[in-house]
Structure formats: C-alpha cells, structure tokens
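Chemist: Please read through the structure below; I'll follow up with questions.
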Amino acid sequence: MSSDVTRFVEEVEPTRLNSDLFEGKSPDPDAFRVFGGWLVAQALAAAGATVDADRVPHSLHTSFLRPADSTLPLTYRVTRTLQGRTLSHRLVDVLQADKVVVHLVASFRVTRPETPFAHAPSAPAAPDPTTLPTLAQRLAALNGPLRRPGLVRYNPVDLRFVEPPSWADETCTARPPHNALWCRVDGDLPDRALLHACAIAYATDLSILDTLVLPHARALGRRWIPRASLDHSIRFHRPFRADRWWLYDQEGTTLHAAHGTVHGRLFDASGALFATVSQEALFGEPVEHRP
C-alpha cells in the first residue's frame, strides 16, 4: 500500500467527538483550500458512522457553500433524519469557524439479494488500463510544468486517461466533451463497503470538470479556466471495490454563462455499471498556466 493510500485510510474517517459530532482535517495543510472530494469523502464517513453496520450508502448529494481553509479543523455535525427498517437518511453539515462550508445528504440501505429483473447500459470500449500512461508519466511528458496551484498533492488514486486531458494535450486540439479514464485506489483497501464508497466519492471529483472545457481547447491554448464546484452527487447501484480497476466515463452536458454540468458513469472491470455521478460548477476567466 502506498503512503498516500495509507494516509487516506487513516485520516478519511473523522474523529468521533460524541454520537453525532466528528472532527477532521485536510490531508494537506499547505493546499490553498481543502479538496472537495476529500470533504465529500469525510462527510460520507461521518454519516456512515451513525448507521447500522448492515447498511451501505446508495446515494449522496453534496452542496459546496464556501471554500474550506486547509489550515483549520473541520467539524462534521450529523443529523439523523430517518432510521427505518431498511433505509437510513442523514444530513451532515461541515463547519469551520461556526460557518457551514459543505452540506451533504446521504442515504443508506440494507443490502438486498440479486433478482432476475435487472438491466443497465454496457461499458464503452476502452484500452486495457495497463497500456495507458500513468498520471506521473503524463506530467513528465509536458514541455513545461503547470503553473496553476494544486489541490491534490497526496493522491491515493491511480488515474489512466484514455485520451490526454486538456492540461496534457500539447496540441490544444478541441474535441467533444467526453473523457474516459481508468481508476483504482493504488493499494488494497480493507473490506469495508463504506470506506470503498468514500474512496469513490474522493476519486470522482479529481477529473470530472476538465471534461467540460475539451471543446474549447483551441480557444484556450495554454490557458486554464479556474472552476469552483457547486455540488457533487453520486448514486451507488451495486457492490464494487474502489481498489480494483474501474472505468470512469464522463460526459460534459452543458457549459453556458460560466455554469457547467457534467455527468459520469462508473463501470467495473467486467463492464457492469456500479455508480453514476453528476456535478455542477462555476467557471472563471482563463489564466496562463503553461509556459
């Protein structure tokens, strides 16, 4: 297990202060703000710590209200809105300095047996992940370093893009708003469904917004568009493991008046759809980020 994976496993579950109150922290106090995927993952972990062990998350919706300061502790306040026979529902407010920075709604359900009544779309064709360059290799191949500030220095996820993301395409070629990449946590995780869901929550926020700017690559050239997530939603459809290869198929739905919406589908290595994702964001004015 890599050091980044060890850090994720040890720190993603916030410290319990009482039955419904938890405290966490950013994994990188030197980042200019807390990475949104980390906030979603920790909030989900806090919610999951208040439900019965026989329940797994089946949906979450996160609203990002304010930037979170990476140097300050994070307080996770859980509200138990429903504790039914088969379903549990939780609200989580993430606070800093008595202000809510993130609001998460999560639902959990008792695991049900398979039935013959099932269907889902098939996974798109994609190369084997082991034939694709690693994130480090893509960064090393750039003519110069990226100038934009980084949010994620300690990344536990191995990302293998099928086609170069916009920041790694030296040709600045415009293409449709579609991105596909293979992902997996870069080490074995414990057999806890909640922890795997937290890893998916973290990983799905790493690359999805870049999909929206692909049609504008030529106009952008070597500039980058700053972006701020407004919300992040996930629905989990079937059992999965975040530490095995899964295909993240992303489609930028619309970008208009600096407001973008993008969707994603997650398929395991057998081609089974196990989760769907959506995110909205606001985009700023382009800035130089490449020499």
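Computed from the coordinates by the stated procedures, all read-outs in this text should not be read as laboratory data. A quick note: this is a predicted structure, and the numbers were derived from the prediction, not measured.
Chemist: Give me the base-10 log of I(q)/I(0) for the range 127-283 at each q in 0.09, 0.15, 0.21 Å⁻¹, Debye formula, one uniform scatterer per Cα, rounded to two decimals.
Modeler: Log-scaled intensity ratios, in q order: -0.28, -0.81, -1.55.
Chemist: How large is the convex hull of the Cα atoms of the range 203-267 per residue, expressed in Å³ as a whole number?
Modeler: Per-residue hull volume (Cα only) is 108 Å³.
Chemist: Mean separation of Cα pairs under 8 Å and 6+ residues apart, divided by the residue count of the range 65-192: what relative contact order is that in percent?
Modeler: 16
Chemist: Same structure again: Name the shape class, rounded, prolate or oblate, that the alpha-carbon gyration tensor gives for the range 1-160, where a ≥ b ≥ c are the square roots of its eigenvalues, rounded holds for a/c under 1.5, and otherwise prolate holds if a/b is larger than b/c and oblate otherwise.
Modeler: oblate
Chemist: Work out, step by step, the length gained on full extension between H178 and L146: first 0.36 nm times the residue separation, then minus their alpha carbon distance; give nm to one decimal.
Modeler: 9.3 nm
Chemist: OK, next. With N residues in the range 153-199, what two-decimal value do you get for its Cα radius of gyration over 2.2 N^0.38 Å?
Modeler: Rounded to two decimals, the normalised Rg is 1.53.
Chemist: For the chain, what is the mean residue ellipticity at 222 nm derived from helices alone (per DSSP H run of n ≥ 4: -39500 (n - 2.57); sum divided by total residues; nearest 500 deg cm²/dmol)?
Modeler: Result for the chain, helices only: -4000 deg cm²/dmol.
Chemist: A follow-up question, please. For the chain, compute Rg over Rh where Rg is the Cα radius of gyration and Rh is the Kirkwood radius from the inverse mean 1/r over Cα pairs.
Modeler: With Rg and the Kirkwood Rh in hand, the quotient comes to 0.95.
Chemist: Which whole-number percentage describes the relative contact order of the chain, with Cα contacts under 8 Å and a sequence gap of 6 or more?
Modeler: 19
Chemist: Taking every pair of alpha-carbon atoms in the range 1-95, what share in percent sits in each 10 Å bin, from 0 to the bin with the longest distance?
Modeler: Reading upward from the zero bin: 16, 47, 30, 7, 0.
Chemist: Same structure, new question: Restricting to Cα pairs below 8 Å that are 6+ residues apart, what does the relative contact order work out to for the range 27-133? Please round to a whole percent.
Modeler: 28
Chemist: Still on this structure, please answer the following. If you take the Cα Rg of the range 103-212 and divide it by 2.2 N^0.38 Å, with N the number of residues, what do you get?
Modeler: My calculation over the Cα atoms of the range 103-212 gives 1.31.
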